[in-house]
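These notes concern the structure reproduced below.
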Amino acid sequence: MFSRGSVVERLGLGLFFLLTVAPVGASLLYAALYGLGAVGLLAHGVTLEHWRRVLSSSETWASVGLSLYVATVVAGLTAGLALPIALALRRRVEAGPLAYLLTLPLAVPGTVAAFLALQLLSGAGLLSRLAFRVGLTSGLSDFPSLVHDRALTGVVATHLALAVPFFVVLFVELFASERLDALGDVAASLGAGRAQSLVRVTLPILLRGALPSLALLFVVVLGSFEIPLLLGRQSPQMLSVLTYRKYALFDITQKPEAYILALGYTGLVLGLVALLFRARRLGDES
């Protein structure tokens, strides 16, 4: 006989599988079959032609590279900017309403953030007009291109504006939960200087604690859609925008390729999660 607690646990696991794992698995299976030409509007028998076109296309690899570049830059700059700000403003964040203010950007939808960035950073935007007003430029055309540019400056800046404030709060909370003040005192008592304590104690602990959130940020930016759609270039496009274009626009014969690209993104995410868990397990063992 199963105990009441065991029955509830089994029921909970069954509902979890039914409501989450099964739909995701069915979606991935459908995408794989669509990419093989086994189902869908263009189903004429199993073929690898769609996979060949995706894997041999320079557009695909340029899109993957661009997406990885943006996600890596955003994650790296977020950590690099949020850490010193958190250490400098730690007392104020802990003592006042600043923490609540720093979480407000999380409530801004990506579409709204992208439109605000467009109004600020474009050639005819607010910053360009201010630069012209104070004499830094002789015309709107002299203002550097910060949207639709090769480096995707506007895309990166918008993601940073949304992510950095949250990570400031996160690093402050990690500092308190890990009792780094006390650990710094211990390091000082053992002869470590302030810089040594910061580099060898504070920063590694904070970065290790924030690693899952930084990995999640990487995944979110890698698959973001609204911001690169509005602020990015037409070619190459980030992976999410390219997938949507092939799925919903222009040529219906490219629809199987959209499903293949979606599977590729899923594979990238699962690979990242596996590496993260492996790194954390090795860290715990050491």
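Brief remarks on what is shown
- In the chain, the DSSP-assigned H stretches of four residues or longer account for a calculated mean residue ellipticity at 222 nm of -22500 deg cm²/dmol, using -39500 (n - 2.57) per stretch and the full residue count as denominator.
- Full extension of the chain between F115 and A274 gives 53.7 nm of extra length, using 0.36 nm per residue less the Cα-Cα distance.
- Surface per residue (accessible, 1.4 Å probe) for region 39-158, Å²: 59
- Taking max minus min of the alpha-carbon positions on each principal axis, region 92-205 gives extents of 60, 30, 27 Å, largest first.
- Cut-off 19 Å (backbone N to label point 7 Å along Cα→Cβ of L33), residues of region 243-279: 255-264
- Each peptide in 66-74, 42-50 gets a packing score, the mean of other Cβ atoms within 10 Å over its residues, and the list from highest to lowest is 66-74, 42-50.
- Under the shape rule built on the C-alpha gyration tensor, where the axes satisfy a ≥ b ≥ c, region 26-68 is oblate, since a/c reaches at least 1.5 while a/b does not exceed b/c.
- About the Cα centre, charge dipole magnitude for the chain (Lys/Arg +1, Asp/Glu -1 at Cβ), debye: 120
- Judged by the mean number of other Cβ atoms found within 10 Å, the most tightly packed of the peptides 163-171, 85-93, 272-280 leads the ranking 163-171, 85-93, 272-280.
- Residue among A82, L33, A195 farthest towards the positive dipole end of the chain, charges placed on Cβ: A195
- Prolate is the label for region 27-124, because the ratio a/c of its alpha-carbon gyration tensor axes (a ≥ b ≥ c) is 1.5 or higher and a/b is greater than b/c.
- Cα-only radius of gyration and Dmax that characterise the chain, units Å: 23.7, 84
- The chain, accessible surface, carbon-and-sulfur percent (1.4 angstrom probe): 68
- Charge dipole (debye, nearest 20) of region 171-222; +1 at Cβ of Lys and Arg, -1 at Cβ of Asp and Glu: 160
- Estimated at 0.36 nm per residue, the fully extended path between A88 and I205 surpasses their Cα-Cα distance by 40.4 nm.
- Cα shape, region 142-193, gyration tensor, a/c 1.5 rule: prolate
- For the residues E94, E173, a 1.4 Å probe over the protein chains yields an accessible-area ranking, largest first, of E173, E94.
- Kyte-Doolittle at least 1.0, axis length at least 24 Å by Cα - qualifying DSSP helices, the chain: 58-88, 153-177, 203-222
The values are calculated or read from the model by the stated rules, or taken from the named source; none is laboratory data. Source: prediction; values computed, not measured. Note that we place each Cβ from the backbone using ideal geometry, even for glycine, and neighbour counts take in every protein chain shown. Side chains included, ligands, DNA and RNA excluded: accessible areas come from the protein's heavy atoms. Shrake-Rupley method; radii C 1.70, N 1.55, O 1.52, S 1.80 Å.
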